1. Which aspartates and glutamates have a Cα lying under 19 Å from the Cα of residue 110, excluding residues fewer than 8 positions away in the same chain?
2. Express the relative contact order of the stretch 1-84 as a whole percentage, based on alpha carbon pairs under 8 Å and six or more residues apart in sequence.
3. What per residue convex hull volume, in Å³, do the alpha-carbon atoms of the stretch 63-151 yield?
4. How big is the C-alpha Rg of the stretch 110-173 next to the rule-of-thumb value 2.2 N^0.38 Å, as a ratio?
5. Go ahead and set up a Gaussian network model of the chain, Cα springs under 10 Å, then flag whichever of 116, 34, 177 fluctuates most.
6. For the stretch 117-220, compute Rg over Rh where Rg is the Cα radius of gyration and Rh is the Kirkwood radius from the inverse mean 1/r over Cα pairs.
7. Restricting to DSSP loop positions (anything but H, G, I, E, B) with no more than 12 other Cβ atoms inside 10 Å of their own Cβ, which trypsin sites (Lys or Arg not before Pro) remain in the stretch 81-142?
8. Provide, for q = 0.10, 0.12 Å⁻¹, the log10 of I(q)/I(0) from a solvent-free Debye sum over equal Cα point scatterers in the chain.
Amino acid sequence: LVDGPLAGRHAIVTSGPTHEPIDPVRYIANRSSGQQGNAIATALAGLGARVTFITGPAITPPPLGVTVVKVETAQEMLNAVTSALPADIGVFAAAVADWRMSEAATGKIKKAKGEGPPSLTLTENPDILATVSQMSEGRPELVVGFAAETDNIVENATRKRERKGCDWIVANDVSEGTGIMGGSENAVTVIDANGAESWPRATKDDVARRLAQRIAEALT
Ligand code: C5P
């Protein structure tokens, strides 16, 4: 057992993209690499927390020293999170697909001559962060969400924090040219009930360590 300020605490971390099947061979996905989620799980474990790491199909392999639960879809991710509760800390770093097919095709969708492309009917996925944040019973003591924004970062993230009901939002600028999406560095603004705090650009590992430290201070 690891010693540290988070010893005896359970943290759930979601990470990576989700894949939403269109048919047996195709899916809807996004460019999340899972690096920031990996780094957060590692940093929390480093401070002594027991970490359940719930990850979609990310390119980056999951870290060591945590319990790994692999999922594909948003619905599976929500089920895995619910099954992993209770927890003291929830950090929701996954890039969950907003939509899934209303009904995924059971056979490969064929390209039929003269018929043109198929139209895909989509349904909204459950919002895992909002679901956990708004639990009336068994809500983790501290719930942290992420917000990938391209403009009006503080304003949008502040509204997102209120809408979802989480305690903190870690907002990052994923505009083209920042190299943040898929890169090894991040520049974040942490938003809580008291306002916004911008951190200098640093490696995702350093951002994760600083966040884990802030989490430990908030709980003790
Ligand atoms: O609404 P938006 O996707 O920008 O919110 C981002 C935050 O919400 C992230 O913390 C993400 O992990 C979480 N989220 C979620 N389930 C969804 C969509 C987003 O947990 N279906």
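1. Excluding near neighbours in sequence, the set is 20, 23.
2. Values: 169 pairs, mean separation 29.2, N = 84.
Relative contact order for the stretch 1-84 comes out at 35 percent.
3. In the stretch 63-151, the Cα hull volume divided by residue count equals 179 Å³.
4. So the stretch 110-173 has a normalised radius of gyration of 1.69.
5. With Cα springs under 10 Å in the chain, the top fluctuation among 116, 34, 177 is at 116.
6. Details: Rg = 15.5 Å, Rh = 15.1 Å.
Taking Rg over the Kirkwood Rh, I get 1.03.
7. Passing sites in the stretch 81-142 are 108, 110, 111, 113.
8. For the chain, the Cα-only Debye profile gives -0.45, -0.63.
Rule-based calculations on the coordinates, nothing more; no lab input. Everything numeric here is computed off the predicted structure, so don't read it as measured data. We place every Cβ from the backbone using ideal geometry, glycine too, and count neighbours over all the protein chains shown.
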